Amino acid sequence: MNLNPNQTPGNENAQAPDFQNEDVKATTKLNEVTEDTTETANQENENAENSTATVVEENTLKEEPAKEESSSTEQSIVEPTIDVKDDIVADASVVATPDTAAVVEDADVDAIDQDDEDDEAEESETEDYNTLSKEELIEKLKLLVDTNPITKVSRNIDLIRTRYNELVEEETDKEKADFIAEGNEEVNFEASEDPFKAQFYTYINTFRTKYKEYKENQERSKEDNLKLKYAVIEKIENLINTEESLNKTFNEFYQLQEEWRNIGLVPQGATKHLYETYHHHIERFYDFIKINKELRELDFKKNMEQKLDICEKAELLILETSVIKAFKTLQEFHKQWREIGPVARDKKEELWERFKDATAKVNQRHHEHYVGLKEEQEKNLEQKRILCVKVEEINKLTLVKPKKWEEKAQEIIEIQKLWKAIGFAPRKENNEIFEQFKNECDKFFTAKRAFFDERRKEEQNNMQLKNDLCEQAEALKESTDWKQTTADFIKLQKAWKEIGAVPRKHSETIWQRFRTACDAFFNAKSQHFGNVDKQQAENLVKKQEIIDNVVAFEITGDSEADMKTLSDFQSLWSETGFVPFSKKDQIQKEFRAAINVHFDKLGVSPQSPDMFKNKLRNWNDNPRGKTKVNSERSKLVVKIRDLENEIALYENNIGFFNNSANAANMIKDILHKIEKAKQHIIELKEKLSLIDTIDNEA
């Protein structure tokens, strides 16, 4: 008979024996035993149908690795961890509790299949890779991928990948520290390319491909196993119609059961119907062969011992420290329980309740563990969303100053540290929130890098401009034209302030160069004027002595000799030099007052031609007199030109006045000024003529 996997047990068209009209040779006792057997098997099958599946896989909760930053100051974030397991978070709606007693013999076989794979991975020994170099890690990775079963190496490969990323980060941190120690800006750091990266991820991708092929082969194998198990069921059904001896038939039946157990796993969706069909035909077989009580009791006793052993082991799982390990082991016990045959009716409920109670306690611990883990992950997700918003808000800012960029970069680095410390979010949202956070961080550091790239160009240009200012300052530093050079240096210093920043590693050097040139000039100027102040103080004393001499002078009566003496006083006063500015007006006033007393007695003006002529002759007798004479000539020429311009302006303005009393008065006043200016011009021209005459005499 060919069985349809979707066919409901008990509705087959096979010719089963009529159990109401059994062989007349069968004893009443044997009939009772058969009836009891059938009822026991049916009761166990009913218990299996009315229970709730409890197999739930461990959630491996793989997120991105703990190290999320790149080798640059932007702290780059590395790709998520490779995880070949199917992560399944426990669902509270299907996890049994002691109140619901949701433990069944029809447990999720496909989930058990996954747990078997995880157990195999746990059984493989892990190595310590913390002391290996990147080259050694790659060799280990290659060996694992090329020579080991794919289900045995996942854990070790993950450890190798984690250690490799740690080494990359350590190298990047050291490279960055050396870069900064050389005087460079941290924001300008760019990590070197890892030379082993391509080779390393080639083996990682090979592992991924092999694992994918393994899973595909496993699924195909499950489909084949399903067909083989239905073939075994068909053979068990055919035993009902056999004409062979019961002993031989029973041996064949045990062989088929062993074949059933050895076949392996089947697709999860087909599990319930498969086991319903299997148990149905097992019951029919027991009914058909009417096994005798001794054989049946022996079989029950063996089953009882096996199930008691499972109960004891299940109860020990309550004390297991690892909730995940306890839960996985429990799934294996349920698989074994399902494969074991029935037990005596009076022990069945007691035994089942004992196993169910231990299962409920293990499941409750598992449920509480994942409920707490789920709540924690939801909180982590909310915290990570808050961190994403903070980075988004920073990216909305308009930053124009390097200091602000650095402050915000430090804020994001601190946010990244908080991200690492938070923990995992639910798997469904974890990769999404990680990508969102990574993209926002990358967006900031990309903008920051662009800002500082542009700033570096500006700093290089500023460097050239400040070099030009240094050259100008160095060219002026030895000048003794104190007034003009001081103005030039003030202009250079103002231009320096307006230029802006230069690269930090050159900032102090170029500033010291400019400052040295400025200091050289201003120190020389200070020294010079320090000497001038001393000389002016001495000149003040000398001029005070001249005033005293002028006051003490008495007119002799010889006009020519007296005029020469007064002229000598004037010449000596002029030659003495400057006095402190605060005393200049006062000392000049005292001298004029003292000498004018004598000029008044002689009836001569200090500005008369004779006095001017004496002054010129005194100048010519002086080594520096020629300079003074030339200076006096220039002053006279300028003064004459100014007076002529003034006369022309007055004469022009007269034409604008109306004929009125006020206008007449104003015109009269202007004419008086014009006449006075013309007279002054005549006097100045006479002095200019005297200068020329004295020059010719010389």
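Tabulated data for the structure shown
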{"item": "Given (1) touching a residue at least 40 places away in the same chain (Cβ under 8 Å); (2) farther than 14 Å from Glu315 by Cβ; (3) assigned to a helix (DSSP H, G or I); (4) more than 44 Å from the chain's Cα centre (by Cα), index of the condition Gln336 fails", "result": "(1)"}
{"item": "Residues satisfying the stated conditions in the stretch 361-383, i.e. within 19 Å of Lys325 (Cβ to Cβ) and among the hydrophobic types (A, V, I, L, M, F, W, C)", "result": "Val362, Val371, Leu373"}
{"item": "Single residue of Lys142, Lys174, Lys134 found to be over 30 Å from Lys457 (Cα atoms), open to solvent by 70 Å² or more (accessible area, probe 1.4 Å) and among the charged types (D, E, K, R)", "result": "Lys142"}
{"item": "Selected residue (only one of Lys379, Lys348 is charged (D, E, K, R) and either closer than 27 Å to Ala425 by Cα or at pLDDT 90 or above (or both))", "result": "Lys379"}
{"item": "Test set (1) closer than 30 Å to Thr485 by Cβ; (2) modelled with pLDDT under 80; (3) open to solvent by 70 Å² or more (accessible area, probe 1.4 Å) - Phe578 fails condition number", "result": "(2)"}
{"item": "Search result, residues across the stretch 387-403 that are modelled with pLDDT under 90 and part of a helix (DSSP H, G or I)", "result": "Pro402, Lys403"}
{"item": "Residue pairs meeting the criteria (Cβ under 6 Å; at least 6 apart or on separate chains; first more than 15 Å from Lys534 (Cβ to Cβ), in the stretch 578-591; second in a loop (DSSP other than H, G, I, E, B))", "result": "Ile587/Val579"}
{"item": "Residue match in the stretch 519-542 (condition: of a type outside the set (Val, Ile, Thr), assigned to a helix (DSSP H, G or I), in contact with a helix residue (DSSP H, G or I) (Cβ under 7 Å, 6 or more places away or on another chain) and within 30 Å of Glu459 (Cα to Cα))", "result": "yes"}
{"item": "Residue count for the stretch 305-340, restricted to those that are of a type outside the set (Asp, Glu), in contact with a Lys or Arg (Cβ under 8 Å, 6 or more places away or on another chain), surrounded by fewer than 18 Cβ atoms within 10 Å (Cβ to Cβ) and within 27 Å of Leu274 (Cβ to Cβ)", "result": "1"}
{"item": "Residue in the stretch 362-370 that is open to solvent by 20 Å² or more (accessible area, probe 1.4 Å), at pLDDT below 90 and of a type in the set (Asp, Glu) present", "result": "yes"}
{"item": "Pairs where the first residue, in the stretch 628-640, is in a helix (DSSP H, G or I) and the second is open to solvent by 40 Å² or more (accessible area, probe 1.4 Å) and at pLDDT 80 or above, C-beta under 9 Å, 6+ apart", "result": "Leu636/Lys685; Lys639/His680; Ile640/His680; Ile640/Lys685"}
{"item": "Meets criteria (open to solvent by less than 70 Å² (accessible area, probe 1.4 Å) and more than 30 Å from Ile422 (Cα to Cα)) for Asp346", "result": "no"}
{"item": "Top-ranked residue of the stretch 183-217 - restricted to ones that are more than 25 Å from the chain's Cα centre (by Cα) and basic (Lys, Arg), ranked as nearest to Phe445 (Cα to Cα)", "result": "Arg208"}
{"item": "Near pairs, Cβ below 6 angstrom, 6+ apart or cross-chain, from the stretch 359-375 (on the phi < 0 side of the Ramachandran plot and of a type in the set (D, E, K, R)) to any residue that is in a helix (DSSP H, G or I) and surrounded by fewer than 17 Cβ atoms within 10 Å (Cβ to Cβ)", "result": "Lys361/Ile318"}
{"item": "Residue in the stretch 188-199 that is least open to solvent (accessible area, probe 1.4 Å), counting only those that are charged (D, E, K, R) and within 16 Å of Glu166 (Cα to Cα)", "result": "Asp194"}
{"item": "Of all residues making up the stretch 457-487, the number that are open to solvent by 60 Å² or more (accessible area, probe 1.4 Å) and either closer than 15 Å to Glu406 by Cα or not in a helix (DSSP H, G or I) (or both)", "result": "4"}
{"item": "Tally, over the stretch 219-253, of residues that are surrounded by 12 or more Cβ atoms within 10 Å (Cβ to Cβ), within 54 Å of the chain's Cα centre (by Cα) and either without any contact (Cβ under 8 Å) to a residue 40 or more places away in the chain or over 22 Å from Pro267 (Cα atoms) (or both)", "result": "1"}
{"item": "Criterion violated by Ser660 - all others in (1) open to solvent by less than 70 Å² (accessible area, probe 1.4 Å); (2) over 30 Å from Phe569 (Cβ atoms); (3) modelled with pLDDT of 80 or more satisfied", "result": "(3)"}
{"item": "Of the criteria (1) open to solvent by less than 50 Å² (accessible area, probe 1.4 Å); (2) within 23 Å of Tyr211 (Cα to Cα); (3) outside any loop (DSSP other than H, G, I, E, B), which one Tyr129 fails", "result": "(3)"}
{"item": "Residue match in the stretch 200-217 (condition: more than 30 Å from Arg261 (Cβ to Cβ), open to solvent by less than 80 Å² (accessible area, probe 1.4 Å) and in contact with a Phe, Trp or Tyr (Cβ under 9 Å, 6 or more places away or on another chain))", "result": "yes"}
{"item": "Criterion (surrounded by 13 or more Cβ atoms within 10 Å (Cβ to Cβ) and not aromatic (Phe, Trp, Tyr)) met by exactly one of Lys448, Lys428", "result": "Lys448"}
{"item": "Glu508 open to solvent by 80 Å² or more (accessible area, probe 1.4 Å), modelled with pLDDT of 85 or more and within 30 Å of Gln472 (Cβ to Cβ)", "result": "yes"}
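The values are calculated or read from the model by the stated rules, or taken from the named source; none is laboratory data. Owing to the predicted nature of the structure, the values given are computational and were not obtained by experimental measurement. When we count neighbours, we look across all protein chains shown, and the Cβ atoms used for this are built from the backbone with ideal geometry, even at glycine. Accessible surface is based on the protein model in full, side chains and every heavy atom, while ligands, DNA and RNA are left aside. Shrake-Rupley method; radii C 1.70, N 1.55, O 1.52, S 1.80 Å.
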